[in-house]
Amino acid sequence: MFHLTISSELASRCPEYRVAAVYAEVTNTPFSEGLWQEIDSFTQELRATETPDTIKQQPAIAATREAYRRFGKDPSRYRPSAEALRRRLLRGLELYRIDTLVDLINLVSLRTGYSIGGFDADKIQGAGLCLGVGHADEPFEGIGRGPLNIEGLPVWRDAQGGIGTPTSDHERTKMDVNTRHILALINGYDGDEQRLREAAEMTQALLRKYADSDRETITYLYSKEK
């Protein structure tokens, strides 16, 4: 497991922030029929019960949007990924089918409202990750987005640089069908540790069910370091 720390800059403006980390040895696949049945079921439920306004009021999403505002970032222009996924479904569009690990993380994010960084752990540089705030002109290649302006966004960094924000993760550490170790960081700007535990346990259960993760014990933690 990687050592997680939170920068003083982030902690001073978001003192309620907590993170749950899930690490596992996995087998990834291009597609899982059972997983997509769960995604389709959630999609139907969301479209029957939610509106764009109620999405913004979901506690985890609202807290992430507030964190953006505290750093001067417009959450309606740089949407947290959990909000963007829900909005996509409400527009009548389907989720992109990427691979089982990415689709699985997207389902947890959709269900919980947490923006989750899903990384190929073997591509992370160094033994630790620090959550800070993006700087002006800091290079960041968002997955499927190209260069992303991360100034004012919360950003997880490894020894080489930024790897994940609530809006997008970096191409360098993205998961693919060859991924054998996953690190999922569930970002809780709402500070609700019970909901984070439930999100971590949901992630664990789905990894066991669809990614053969029983080969290695999954662990999770709650970082309050400043």
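Any idea which of 70, 86 is touching a residue at least 40 places away in the same chain (Cβ under 8 Å) and more than 16 Å from the chain's Cα centre (by Cα)? When all the criteria are applied, what remains is 70. Taking the range 196-226 as the range and being of a type outside the set (Ser, Thr, Tyr), within 18 Å of the chain's Cα centre (by Cα) and modelled with pLDDT of 80 or more as the test, the residues that pass are 196, 197, 198, 199, 200, 201, 202, 204, 205, 206, 207, 211. Residues in the range 91-112 that are closer than 15 Å to residue 165 by Cα and touching a residue at least 60 places away in the same chain (Cβ under 8 Å): 2 in all. The criterion of at least 2 residues that are open to solvent by less than 10 Å² (accessible area, probe 1.4 Å) and within 21 Å of residue 204 (Cβ to Cβ) is met, among helices (runs of 4 or more DSSP H) falling completely within the range 1-76, by 33-49. Among the numbered conditions (1) within 18 Å of residue 105 (Cα to Cα); (2) surrounded by fewer than 16 Cβ atoms within 10 Å (Cβ to Cβ), the only one that residue 83 does not meet is (2).
For residue 118, are the conditions met, namely being touching a Lys or Arg at 6+ places or on another chain (Cβ under 9 Å) and either without any contact (Cβ under 8 Å) to a residue 12 or more places away in the chain or not in a loop (DSSP other than H, G, I, E, B) (or both)?
Judged against the criteria, residue 118 is a match.
Could you tell me how many of the residues in the range 133-153 are in contact with a helix residue (DSSP H, G or I) (Cβ under 6 Å, 6 or more places away or on another chain) and in contact (Cβ under 8 Å) with a residue 60 or more places away in the chain? It would help to see each step written out before you state the result.
Our first condition is that a residue be in contact with a helix residue (DSSP H, G or I) (Cβ under 6 Å, 6 or more places away or on another chain); within the range 133-153, this holds for 133, 141, 143.
Now drop any that are not in contact (Cβ under 8 Å) with a residue 60 or more places away in the chain, which leaves 133.
So the answer is 1.
Figure legend. Inter-residue proximity from the range 189-207: first residues farther than 28 Å from residue 27 by Cα, second residues small (Gly, Ala, Ser) and part of a helix (DSSP H, G or I), beta-carbon distance below 8 Å, spacing 6+ or different chains. Indicated pairs: 189/60; 189/63; 189/67; 190/60; 190/62; 190/63; 191/63; 192/60. Every test in (1) open to solvent by 20 Å² or more (accessible area, probe 1.4 Å); (2) closer than 22 Å to residue 164 by Cα; (3) outside any helix (DSSP H, G or I) is passed by residue 88 save one, and that test is (3).
The values are calculated or read from the model by the stated rules, or taken from the named source; none is laboratory data. Here the structure is a predicted model, which is why all the values come from computation and not from measurement. In this analysis, Cβ positions are derived from the backbone assuming ideal geometry, glycine residues included, and neighbour counts consider all displayed protein chains. The accessibility values were calculated without ligands, DNA or RNA, using every heavy atom of the protein model including side chains. Shrake-Rupley method; radii C 1.70, N 1.55, O 1.52, S 1.80 Å.
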